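Every read-out reported here was derived from the displayed coordinates using simple, explicitly stated rules and does not represent laboratory data. Model, not experiment: these values are computed from the prediction. Here Cβ is always computed from backbone atoms with ideal geometry, including for glycine, and neighbour counts include all displayed protein chains.
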Amino acid sequence: MTDVLAGAGMSKARHAFLELREQILDGRLPPGTHLTLRPIAKSLGMSVGAVSEAVRELVHEQLVDFEPNYGARVKRFDSETVRCQHILRIAIECEAIRRCTDRISGRELDELEALAREVDRLVDVEEDLSKARRRDLEFHLRIADLSGIPTLAGVLRSCHLVRLLAVEASPGHEAIPIPNRTHIELVEAIRSRDPDASERAMRDHCERSLLLQQRRALGMVSR
C-alpha cells in the first residue's frame with residue numbers, strides 16, 4: 001500500500017480501501033461495477049475524499065480501471081487474462097523462492113513457517129477466508145522480500161496477486177474441496193535448502209491455484 005494510505009492521517013482512506021478491496025474479492029462488487037464515489041462514501045460513513053484516495057489505490061493494485069469521462073469500475077478478468085497473469089506469477093514466484101531458499105536465515109524460516117501454518121489453518125479449519133487471503137498475500141510477498149531482490153514483491157502485486165489469491169464460492173453450483181497444507185509444504189521445501197525442490201513446490205502450488213481459478217470461473221469452488 002502506498003505511503004499515503006499507510007499514514008496515520010489517512011485512516012479513513014485505509015478503511016475504505018480495505019473494505020472495497022474485500023467487496024471486490026468476495027464478489028459483492030462484481031467485475032464491471034461502476035464505483036460512484038458519493039454513494040460509496042455514504043454507505044461507509046466517510047468523506048468522498050477518503051473514498052477517492054481508496055479508489056486510487058485500488059487502481060494502483062490493478063483491481064479497478066479508471067476511464068476518462070466514465071470514472072472507476074471494477075476490472076474485468078476473462079479466463080485468458082487470469083491464465084496469463086498466473087503464468088507471469090509462476091515465473092516470478094519460482095525465482096523468488098529459489099533465491100529465498102539460498103539466503104533465508106533460521107529465524108526468518110521459523111517466522112515464515114508460523115505464517116504458513118496460520119494461512120493453512122484459516123483456510124482448512126477456521127474457514128475465515130477474509131483473514132486467510134490477507135495472510136496468504138503476506139506469505140507470498142514475504143518470500144519475495146526474503147529473496148533479496150527488492151523489486152520482486154512490487155512486480156507480484158502488479159500481476160494481480162491480490163486477485164489471483166481470491167477463491168470464493170459461487171452459489172448454486174456443486175463445490176470441490178481446496179487442498180490443505182499447501183503453504184507449509186512450501187516452507188518444508190525451503191527448509192530443505194534445495195532451490196530446485198523449492199521451485200518445484202512453488203510451481204505445483206501456483207498451478208493448483210490456476211486450476212482453482214479456472215474451476216471457480218465455472219462455479220465449482222466452495223471455499
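So if we plug the beta-carbon distance of N69 and K131 into 1/(1 + (r/R0)^6) with R0 = 30 Å, what FRET efficiency do we get, rounded to 0.05? Display every interim value, and only then the final one.
Values: r = 38 Å, r/R0 = 1.28.
FRET efficiency, N69 to K131: 0.20.
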### Query
Using the Karplus equation 6.51 cos²θ - 1.76 cosθ + 1.60 (θ = phi - 60°), what ³J(HN,Hα) coupling, rounded to whole Hz, does each residue of the stretch 40-56 give in order, writing x for Gly and Pro?
5, 4, 5, 5, 8, x, 9, 6, 4, x, 5, 5, 4, 4, 5, 5, 4
